[in-house]
Amino acid sequence: MNWNTASQTTPVHGTPSCPADPSGPDLLHRIDAYIDRNLSDPQLSPRTVAADHHVSLRMLYALFDARDMSVAASIRRRRLERCRADLARSPLPVHVIAARWGFTSSTVFSRAFREVYGTSPTAFRRAMYDGARGVGGHSASWV
């Protein structure tokens, strides 16, 4: 028996040790789900995504090429979307929300948020609150 071949095809704990088609759409779906599950991890990066899926960085980048968005940009966009949603509904401080979704610096977060949404996180939150209650109404203690 060739041990090199056996180790590549023998199931471990009931699952194949490597997917039949590592470049297929199923892999991209698993990677997307993995990214969504790990957005709060500040260490999440293209390198960790590739390593955890047993693919090279080159293959990971190739998978994302069809989307016209890099892996890092996709992670950043998803984090910003989660932060934006939390800012609209949560009384938590801006820096806490940013940290919750993997941003390690509130300055970097604020700059990225402003670049994408055209306003600061605090101004966005205020506008969302004002729009929900009508301008000139009661002030919320968390805004």
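The values are calculated or read from the model by the stated rules, or taken from the named source; none is laboratory data. No experiment lies behind these values; they were computed from the predicted model shown. Cβ sites come from the backbone with ideal geometry, for glycine too, and all protein chains shown count toward neighbours.
Points to keep in mind about this one:
- The range 62-85, residues that are at pLDDT below 95 and closer than 15 Å to LEU27 by Cα: ALA62, LEU63, PHE64, ASP65, ALA66, ARG67
- Hey, LEU39 crowded, with 16+ Cβ neighbours inside 10 Å and either part of a helix (DSSP H, G or I) or among the aromatic types (Phe, Trp, Tyr) (or both) or not: no
- Number of residues in the range 46-69 that are among the small types (Gly, Ala, Ser) and either surrounded by 15 or more Cβ atoms within 10 Å (Cβ to Cβ) or outside any loop (DSSP other than H, G, I, E, B) (or both): the value is 3.
- With respect to (1) at pLDDT 95 or above; (2) more than 28 Å from ASP130 (Cβ to Cβ); (3) hydrophobic (A, V, I, L, M, F, W, C), the lone exception for ALA6 is condition (1).
- The range 86-105, residues that are part of a helix (DSSP H, G or I), modelled with pLDDT of 95 or more and out of contact with any Lys or Arg (no Cβ under 9 Å at 6 or more places or on another chain): HIS95, VAL96, ALA99
- In the range 76-91, the residues that are within 16 Å of ALA123 (Cβ to Cβ) reach residues that are outside any helix (DSSP H, G or I) and not hydroxyl-bearing (Ser, Thr, Tyr) with C-beta atoms within less than 6 angstrom, at least six apart or across chains, in these pairs: CYS83/TRP101.
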